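This report refers to the structure that appears directly beneath it.
The values are calculated or read from the model by the stated rules, or taken from the named source; none is laboratory data. Predicted, not measured: the structure shown is a model, and the values here were computed from it. When we count neighbours, we look across all protein chains shown, and the Cβ atoms used for this are built from the backbone with ideal geometry, even at glycine. Surface accessibility is based on the protein's heavy atoms, side chains included, excluding ligands, DNA and RNA. Shrake-Rupley method; radii C 1.70, N 1.55, O 1.52, S 1.80 Å.
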Amino acid sequence: LFAGNPGLAPEQSRSTELGVKWQLQDHLYVSASAFSTKIQDLISFSGGETFRAENINRASIDGLELNASAEFSACDSRIGVTLQDPKNARTDQPLLRRPKRKASANLSCDVAGITLGANANVFSERADFGAKLPGYGTLDLALSTSLNERTILSLALENALDKNYELASGFNTPGQTLMLSLRWN
C-alpha cells in the first residue's frame, strides 16, 4: 500500500524563538515564548492509493507557548498551552495531523516514599486527508517507588479514561493500557 519515493529530499529547518520567564514567588513561575519554524522539503504523504512520501517545498509553523509551574510541599505542577499555525507556506493549507491548539497539565506528588502522577493532554481538531480529525483529550496516571538505591518499581495507566481517538484517519490508537515496570540502574 505504501510507495517509496527515490526523489525524496531530506527536510531542512530553521527555528527562531523568543521567550521570557518570570518568577512570581519562591516556587511559582510563568513563561511565554513566541516561535517560528520554517521548513524546506517537509516530508509528508500524498494520500490517495499509494500513500507516497513527498516533499512539501516550504512549510511554516508559527506560534505562541504559555506555561506555568508551581512547586509546593511535596508536589510539582505544570500547565502549558500552545497556539500554532502549521501550514504549507505556498498554498496556505494546514499541515496534516497537526493541531492548532494543544494544552497539557501535570501533577506529581511524593507521598510516603511513593511518587504519584497525573498528566492530562488536550488537542484541537486537525486536518487529515479529505477530512478533519476531531479534537481529543487523554489522562495518564502513574505511581512509582524506589525499592532500594538502584531499583524502581513503576505502575502506569495510560489513557485512563479509555478515550477513542485517531492520530491519523483510519489508524487506531491503543485504548487504556496498564504497564508494570521494574528498573535497575
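At-a-glance table
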read-out: Solvent-accessible area of ILE43 with every protein chain in place, 1.4 Å probe, in Å² to the nearest 10; value: 70 Å²
read-out: Cα centre as origin, Lys/Arg/Asp/Glu Cβ charges: the chain dipole, Debye; value: 420 debye
read-out: Area of ARG78 that stays accessible when all protein chains are in place (1.4 Å probe, Å², to 10); value: 110 Å²
read-out: Simple spin-label estimate for ALA53 and MET179 in nanometres, 7 Å along Cα-Cβ; value: 2.5 nm
read-out: Relative contact order (%) - criterion: Cα under 8 Å, at least six apart; region: the range 85-147; value: 29 percent
read-out: Efficiency of FRET from Cβ geometry, VAL81 and GLU149, R₀ 30 Å, rounded to 0.05; value: 0.20
read-out: Total formal charge among the other residues, if their Cβ is under 13 angstrom from that of ALA89, Lys/Arg +1 and Asp/Glu -1; value: +1
read-out: Within a Gaussian network of the chain (alpha carbon springs, distance under 10 Å), most fluctuating of LEU83, LEU167, LEU24; value: LEU24
read-out: Relative contact order (percent, whole number), the chain, Cα cutoff 8 Å, 6+ residue spacing; value: 12 percent
read-out: Probe 1.4 Å - accessible area at TYR136, Å² to nearest ten; value: 30 Å²
read-out: Protein accessible area in the chain, 1.4 Å probe - carbon and sulfur %; value: 55 percent
read-out: Counted charge near LEU28, where neighbours are those whose Cβ lies closer than 14 Å (Asp, Glu -1; Lys, Arg +1); value: -1
